[in-house]
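Every number here is computed from the coordinates shown, using simple stated rules; none is lab data. All of these numbers come straight from a predicted model, not from anything done at the bench. Backbone-built Cβ (ideal geometry, glycine too); neighbour counts: all protein chains shown.
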Amino acid sequence: TALHELQSQKKHGFVFLWGEDTCGQLGMRGLQGARSPTLLQGMVALNIKDVSCSQDMSAFVTDTGRVYVCGSGELGRLGLGH
């Protein structure tokens, strides 16, 4: 079971998230997590159309097809080559 939740409001491309952020999976730089739905400010201008999450990472897809990932890159799970 994922320890965090993501919700995309596709009409406007906003992402709201909440839960634990033990390895950066919420993309909230320096925060321990969020107890209630919180707008992910850094993604507002990107027009997010789809999200996916697991216990340790999250992926965001924009309307232009760009993919942004955050969280634990252990064992290459973020696909960043390290």
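Just a few scattered comments:
- Taken along the Cα-to-beta-carbon direction at a fixed 7 Å, the label points for V44 and Q32 span 2.6 nm.
- Close amide H partners of D50, meaning residues 5 or more places away or on another chain with modelled amide H under 5 Å apart, are V61.
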